[in-house]
1. Take D498 and tell me if it is at pLDDT 75 or above and under 19 Å from N442 (Cβ atoms).
2. Within segment 259-272, is even one residue assigned to a strand (DSSP E or B), more than 23 Å from the chain's Cα centre (by Cα), at pLDDT 95 or above and not polar (S, T, N, Q)?
3. I'd like to know if segment 261-272 contains one or more residues that are buried (at least 23 other Cβ atoms within 10 Å of the Cβ), free of Cβ contacts under 8 Å to residues at least 60 places away in the same chain, among the aliphatic types (A, V, I, L, M) and in the same structural domain as Q171 (by TED's automatic domain parsing).
4. Of everything in segment 425-443, what is small (G, A, S), more than 13 Å from V410 (Cβ to Cβ) and in contact with a strand residue (DSSP E or B) (Cβ under 7 Å, 6 or more places away or on another chain)? Give them in sequence order.
5. How many of the residues in segment 349-378 are free of Cβ contacts under 8 Å to residues at least 12 places away in the same chain and either buried (at least 21 other Cβ atoms within 10 Å of the Cβ) or hydrophobic (A, V, I, L, M, F, W, C) (or both)?
6. So, in segment 238-258, of the ones that are part of a loop (DSSP other than H, G, I, E, B) and of a type in the set (A, V, I, L, M, F, W, C), which residue ends up surrounded by the fewest Cβ atoms within 10 Å (Cβ to Cβ)?
7. Of a type in the set (A, V, I, L, M) and under 13 Å from the mean Cα position of the chain (by Cα): is that true of I200 in this structure?
8. Inspect segment 145-165 for any residue being exposed (fewer than 15 other Cβ atoms within 10 Å of the Cβ), free of Cβ contacts under 8 Å to residues at least 24 places away in the same chain and either more than 11 Å from P86 (Cβ to Cβ) or of a type in the set (D, E, K, R) (or both) and give the result as yes or no.
Amino acid sequence: MTTFKKIIGCIFLIQILFLSCTNESFLDEENLKEITPVIDRSAITEPIILGYFPSWSESWTTTGQGSKLRDIPEHVTHVFLAFARPNLRYQKGSLDITGTGIQTPYDGQTLKESVSILKTKGIKVILSIGGETYWGTNAAYDINYQQIKDLVDDIGFEGIDWDFEPNGGFQTIGESINVQRFISFFNESRALMPKGQYVIACAPAGAGALGGLNNDDPSSPFAHSKRNTVTGESDTNLFNATSPNQAISLFGFASTGHMIPVIKAVGDKIDLIAYQGYNTGAASNRTIMYDSYKHYADQYGFSIAAGTHYPNEPWGPYYTYNYQNMADLSDHISSKSTTDGIMIWQMLLEENSSSAYGYLYVSSQVLNGTSQSQAIANAENYPESPYTGDSDGGDGNGSGCSSSQWNSSVAYTNGNEVVYETSVYKAKWWTQGDNPITNSGNGKPWEFIENCDGDTDGGDGNDNCNVNQWNSSTAYVTDNEVFYDNVIYKAKWWTQGDIPVSNTGNGKPWEFVQNCN
């Protein structure tokens with residue numbers, strides 16, 4: 001019996017020790033979770049200075065060279081790159097932007113480098129989706145959210161901006177079908193792009209948070225029933241937006257209040273609202289639009305950029321932004337928030353003595369504490385920061401690429417050399433529009449010469465991939481993994497000489513695994 005008791009005692013002691021160690025392990029895991037730092041990519045720590053950049057206005061560039069996009073001055077904090085199609089089509093890992101609606105005069109690899117260069121300046125680039133031209137048909141709503149995310153990941157965008165203008169404007173945006181569409185955009189994209197890891201923004205109508213006839217919030221200080229009190233005006237110009245008034249006409253648009261049901265449904269999924277406070281008639285009180293959005297921002301936690309326009313606005317113009325009212329608006333915003341700011345359409349516009357960059361610089365100074373008079377005096381004296389090629393931008397072509405970048409619109413003849421996807425190719429005969437990477441080899445117009453780092457085995461080196469680089473002369477069998485252009489691929493069956501980036505998908509020998517970074 002004594003022996004039995006000793007055995008039982010030992011077993012009990014072992015259980016206690018085991019549980020003690022196990023609990024300690026659990027505690028260690030919990031502590032690790034608590035101290036592991038999480039980088040919030042959507043966090044805004046300074047006043048927003050945001051500009052739209054039309055991709056079709058970008059200048060051609062290649063590795064080590066500047067461009068209109070790469071040379072954006074550093075007082076800009078955020079860029080909306082305009083525009084991608086809502087129904088864009090993109091194959092992950094391909095960097096092929098031909099089906100996206102983006103209209104840069106160069107390919108996806110070069111765009112990725114441009115975005116990376118801006119990131120080194122501290123400028124966040126966000127992909128703007130839609131705009132006036134891309135919502136014109138029902139096909140626009142055939143949205144593949146996963147492919148949007150894939151494009152964002154591959155190019156290095158911080159996130160997306162839903163620039164929703166159904167049928168090219170805001171006239172019908174307050175209708176129930178479009179309200180539900182807007183809500184769906186946020187629900188679907190946020191499900192794939194978690195908050196804190198991706199920025200999700202939108203650019204609604206300026207009057208979108210004021211109480212309207214069809215979309216209203218009686219509890220808001222800007223409710224439709226309170227319009228006369230809050231503006232100090234009668235309804236004489238409620239539906240007469242082109243006549244001079246303080247703000248009453250802002251309550252009379254079909255778009256007025258369209259964001260109220262959207263914010264109430266998905267406000268917690270929105271990081272930034274950059275409302276379009278322009279093309280909105282003759283109302284001169286432009287702070288009321290900011291204040292109406294701020295009412296909801298205080299409840300849901302999103303940031304605001306008040307939208308402005310470099311002269312002249314297309315409608316009218318019935319109102320013109322200038323240095324002084326940019327400073328006034330910025331001063332008003334700075335009294336309400338330390339991180340909200342200004343948006344402008346669009347940052348490349350300029351005249352002889354003023355520029356959109358100057359407008360943004362006035363706002364940047366005022367939002368950061370400079371007096372209005374001093375900010376206006378220094379409007380066009382903003383520090384320029386042209387890209388000088390000091391950095392390769394994180395995924396560029398490398399220093400070995402001295403040839404010109406391949407351009408689909410240029411005709412090449414025998415002996416012409418070009419750079420494409422970090423490799424050098426030579427034309428064997430006249431060719432135009434034939435992608436070198438998929439048109440090299442026997443019977444095809446391009447001949448692979450070397451990678452920009454001097455290797456001649458095809459593909460692009462990357463020490464972070466941890467698998468062998470693809471080699472055109474090597475035979476691969478099922479489950480062999482290789483990397484090519486910073487992407488890891490897995491062979492689905494025996495294959496040799498099939499470039500992974502152009503031989504991935506159904507019926508093709510390679511399967512995308514992941515990006516190396």
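The values are calculated or read from the model by the stated rules, or taken from the named source; none is laboratory data. Owing to the predicted nature of the structure, the values given are computational and were not obtained by experimental measurement. With ideal geometry, Cβ positions are generated from the backbone for all residues, glycine too; neighbour counts draw on all protein chains shown.
1. yes
2. no
3. Yes - at least one qualifying residue is present in segment 261-272.
4. S440, the sole residue that qualifies.
5. 1
6. F239
7. So I200 passes the test.
8. no
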